[in-house]
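Take a look at the structure below.
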Amino acid sequence: MKVCVASPYPLSELKGNSVSADRIVKMLNERGIGARGSYGYDSEPADILISLHAIKGAPAIFEFKKKQPKGKVIILMTGTDIYQGLPEGSQIGEEALEEADRIVVPQEAAILKLPEEVRGKTVVIRSSLDSIAIKASPSRSPFVISVVGHLRPVKRSFLTIETLAKRPEWSDIEVWQIGQALDEEMRKKAEVWAKDYQRYRWFGGLPRRESLALCAKSSLTINSSILEGGANAVLEAMTMGVPVLASRIEGNVGLLGDDYPGYFEEGQMDEALQAIINQRVDLQEWIRLSANRLPLFSRERESNLWLELLTELK
């Protein structure tokens, strides 16, 4: 069986789709499946195309079906597909879903976001991570908050520092922003914050190991996204034992669980941080609850589900 895993971005980039494509290729190769990664469809023969992103991956899907009419298509949906592109009425996205033989989503709630006619061919496969040897080792002082992820408006990358800057009594808290600015406006904002707020540090895009090491040294990590399919940074923090404060969106709930206490509602980050700083919440309990969720995201579990799916289509 030959499988092409297509990312809408070059595989050399650190963007989530490319990181996921590389991980899936390695995982399938470990199971004896001849998988390769590509930027779009590479025009080489394949029995199955796994396309990351329905909308941005649509050209690869259509090109594959044109050249491999008997080939099978699996679409691995992303957060921007599920919670932005399709709700906004993307015709090319809907056409890609119709073309797919199977659709993969990261959590059960995402199925209901898809057009009703394609839900029957949709399955849930939760993403795993490559093994992480690094464990949480926060410094006692100062209290450090990490914010990990490329700088994008949809991630509300500066919400943490904006919230802290309004509270001068919290001036001893450090914010470590880790992630590449994906446009000039976001880069300038990060540079301004770094200049004007001495406790804010922007590290830019870093290799994964360096990013993990910094996150592990933080006392808390925050994901404030408006929409998210399921952030690797959140799962990495869960794995290392770093407590997570997260916006209550489906992507975060799919990782942390319905009963996780570390969510904040829209406009309530200030209240959530105040409770943490005043030690009115038990961060060790957050860590314990996160650890209890980790078996759902094991590499073996994900690998088995992908193997079942590919065997079924074969």
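Just so you know, all these numbers are worked out from the coordinates, no wet-lab data involved. The model shown is predicted, which means the values in this text are computed figures rather than measured ones. Virtual Cβ from ideal backbone geometry, glycine too; neighbours counted across all protein chains shown.
Cut-off 10 angstrom, C-alpha nodes, Gaussian network model of the chain. Which of Gly34, Gly120, Gly57 fluctuates the most?
Per the Cα network of the chain with a 10 Å cutoff, Gly120 tops the list.
Give me the percent relative contact order of the chain, please, defined on Cα pairs under 8 angstrom at least 6 residues apart.
15
How big is Rg to Rh over segment 144-296, alpha-carbon atoms, Rh as the Kirkwood inverse-mean-distance radius?
Taking Rh as the inverse mean 1/r over Cα pairs, Rg/Rh reads 0.93.
Which pairs in the list Lys70/Lys113; Lys65/Lys121; Lys2/Lys66 are over 23 Å apart, alpha-carbon to alpha-carbon?
Those over the limit are Lys70/Lys113.
Which one of Val118, Val144, Val192 has the biggest mean-square fluctuation once the chain is modelled by GNM with Cα springs under 10 Å?
Looking only at Val118, Val144, Val192, the biggest GNM fluctuation is shown by Val192.
Tell me, Glu228, Glu174 in order of fewest to most beta-carbon neighbours within 10 Å?
So the residues, fewest neighbours to most, are Glu174, Glu228.
Using the 10 angstrom Cβ neighbour count as an exposure proxy, how do His150, His53 rank, fewest first?
Result, fewest neighbours first: His150, His53.
Can you check what the Kirkwood hydrodynamic radius comes to for segment 269-314, Cα pairs only, in Å to one decimal?
Hydrodynamic radius (Kirkwood, Cα only) of segment 269-314 equals 13.6 Å.
In segment 144-296, with Lys and Arg counted as +1 and Asp and Glu as -1 at Cβ, which of these residues, Val253, Ala272, Ala231, has the Cα nearest the positive end of the dipole, that is, farthest along it?
Ala231
Where is the GNM fluctuation largest for the chain (alpha-carbon springs, 10 angstrom cutoff): Ile74, Ile55, Ile276?
The residue with the greatest mean-square fluctuation here is Ile276.
Please give the direction-averaged projected area of the C-alpha convex hull for the chain, in square nanometres with one decimal.
15.7
Run down the aspartates and glutamates and flag those whose C-alpha is under 17 Å from the C-alpha of Lys67, throwing out any fewer than 8 positions away in its chain.
In chain and number order, the partners are Asp42, Glu44, Asp47, Glu99, Asp101.
I'd like the distance separating the alpha-carbon centroids of segment 34-52 and segment 180-243, in whole Å.
31
If the convex hull of the alpha-carbon atoms of segment 207-314 is projected onto planes in all directions, what is the mean projected area in square nanometres?
For segment 207-314, averaging the hull's shadow over all directions gives 8.2 nm².
Need the list of lysines near Lys217 for cross-linking: C-alpha distance under 17 angstrom, and skip anything on the same chain fewer than eight residues off.
Output for Lys217: Lys135.
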